[in-house]
Amino acid sequence: MTHASTLTRSAVAEPAAQGRVHATRVAAMATALGLFLAVRLLGVATLALVARATTGRDALGLLGRSWDSVWYLGIASHGYGRIQHPHTGVMFSDMAFFPLYPALVRAVRAVSPLGGGASGLVVSWAAAAVAACGIYAVGARLHGRAVAFTLVLLWALLPHSVVLSMAYTEPLLTAFAAWSLYAVLTGRWLWAGSLAALAGLARPNGFAVAAAVLAAAACEVWRCLRERRKVSHRLWTGAALAPAGWAAYVLWVGHREGNLLGGYFAVQRRWGSRFDFGQGSLQFVRHLLLHGDRFVFPMTMVIVAAGVVLYALLLADRAPLPLLVHSGVLLLIVLGGSGFFESKPRFLLPAFPLLLPLAQALVRTARARPWHATVVVGALAGLSFAYGAYLIVIANMPL
């Protein structure tokens with residue numbers, strides 16, 4: 001017979017132990033967030049120095065009001081309906097931009113004294129912080145804390161990571177994507193579907209998150225049927241919610257355009273964006289190789305090619321299915337879509353699982369040869385900060 005005092009001590013010790021584990025996890029995530037913020041602050045400081053030295057412009061102004069952010073801020077202030085005709089026969093409509101980010105910017109403006117650009121930065125910076133925590137959670141779940149810290153660091157040091165400090169939608173999409181994928185990995189289907197639906201309201205390529213949730217849900221349903229287990233109603237509900245946000249906006253634009261299923265895609269074609277199985281991209285690469293062009297374009301080719309290699313490594317590592325589907329759909333959009341060629345690296349920012357093989361390799365290197373890992377991180381930081389400043393201040397090209 002077990003003594004009563006022993007039961008009492010065990011009952012007290014178990015919650016205390018769980019509390020310590022939870023506190024340790026929170027502290028580790030806070031450390032990852034601090035690492036991310038430190039890296040991005042250094043990147044913004046570099047941008048500020050370059051901007052002041054070359055153009056005399058304010059870095060926050062550049063980050064808050066550049067290219068697509070101007071469109072989002074216009075939607076936040078005046079709603080949809082703006083059309084531009086920059087060239088004869090070209091019509092750019094703001095309905096190409098999904099609604100969640102401008103809605104959040106409008107909400108921040110409503111409850112604070114901040115202007116549009118500052119409100120956009122608040123939303124983006126907060127979303128980037130939430131995304132960094134989600135990326136850490138996924139990495140820690142799969143490979144432990146060391147890989148998770150490194151995964152966050154590598155994401156913060158991507159060549160196009162300056163976008164994470166801009167009034168753009170990639171941080172928002174990545175935040176929903178990371179936590180939706182974490183919810184799938186931990187079997188929280190309602191959270192996974194709800195977050196995927198929000199991701200679908202953030203960006204056109206947000207449906208990659210829904211595809212990941214649906215693929216994982218389909219595998220779980222098949223497993224339940226094979227094992228003759230009941231499929232949870234939470235799984236069915238999560239799977240149904242996942243594509244709802246993306247589909248709702250596409251259908252709303254189609255209704256506005258008078259073509260329910262094709263209206264949104266017609267709007268995108270007017271921007272020059274369409275999925276043509278890579279034909280437009282290949283033509284552009286051919287022009288680039290034969291005639292040469294700005295530094296941004298060769299760099300774009302290198303980054304996209306690196307994305308393909310990293311996806312092959314992710315497949316070789318047998319990563320979980322939702323991560324493979326999420327990253328694969330985003331990579332497929334980049335490879336098969338036409339439009340602004342220089343924006344392709346930005347579209348890969350939410351595909352953070354591609355960095356898992358690099359994170360694992362860098363952790364192994366750090367344990368065996370710490371100075372080698374330090375040199376690699378230093379080189380990545382130099383490239384990220386310098387190239388980010390070049391993109392915003394000097395290149396004068398759409399991101």
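Tabulated data
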| quantity | calculated |
| --- | --- |
| Which of Trp179, Trp371, Trp222 is most accessible, then next, and so on - probe 1.4 Å | Trp371, Trp222, Trp179 |
| Among Arg318, Arg65, Arg229: highest mean-square fluctuation, GNM of the chain, C-alpha pairs under 10 Å | Arg229 |
| Computed accessible area, Leu214, all protein chains, 1.4 angstrom probe, square angstrom | 70 Å² |
| Choice from Ala167, Ala319, Ala368 with maximal GNM fluctuation in the chain (Cα, 10 Å cutoff) | Ala368 |
| Solvent-accessible area per residue, Å², over segment 197-246 with all protein chains present [probe radius 1.4 Å] | 51 Å² |
| Nearest-ten-degree value, helix 207-226 long axis tilted from longest Cα axis of the chain | 40 degrees |
| Candidate residues Lys230, Lys344: accessible-area rank, largest first, probe 1.4 Å | Lys230, Lys344 |
| Under Karplus coefficients 6.51, -1.76 and 1.60, residue-wise ³J(HN,Hα) of segment 127-132 in Hz, glycine/proline x | 5, 4, 5, 5, 5, 4 |
| Segment 240-399 - percent of accessible surface contributed by carbon and sulfur, probe 1.4 Å | 68 percent |
| Probe 1.4 Å, accessible area per residue of segment 58-141, Å² | 42 Å² |
| Shape metrics for segment 134-230, restricted to C-alpha atoms - Rg then Dmax, Å | 15.0, 50 |
| Principal-axis tilt of helix 4-54 within the chain, Cα atoms, nearest 10 degrees | 20 degrees |
| Glu227 accessible area, 1.4 Å probe, all protein chains in place, Å² to nearest 10 | 90 Å² |
| Range of Cα positions in the chain per principal axis (Å), largest first | 89, 54, 48 |
| For Asp317, solvent-accessible area (1.4 Å; no DNA, RNA or ligand), Å² | 90 Å² |
| Long-range amide H partners of Gly339 with built H, under 5 Å | Arg274 |
| The chain, helix-only ellipticity at 222 nm - DSSP H runs n ≥ 4, -39,500 (n - 2.57), divided by all residues, nearest 500 | -24000 deg cm²/dmol |
| Segment 180-226 - Rg over Rh from alpha carbon coordinates, Kirkwood radius | 1.02 |
| Accessible carbon and sulfur surface of segment 87-143 relative to its total accessible area, %, 1.4 Å | 68 percent |
| Nearest 10 degrees, 0 to 90: helix 279-291 Cα axis against the chain principal axis | 60 degrees |
| Accessible area in the full protein assembly, largest first, 1.4 Å probe, for Val308, Val393 | Val308, Val393 |
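The values are calculated or read from the model by the stated rules, or taken from the named source; none is laboratory data. This one's a predicted model, so the numbers in the text were calculated from it and none came from an experiment. Ligands, DNA and RNA are excluded from the accessible area calculation, which covers all protein heavy atoms including side chains. Shrake-Rupley method; radii C 1.70, N 1.55, O 1.52, S 1.80 Å.
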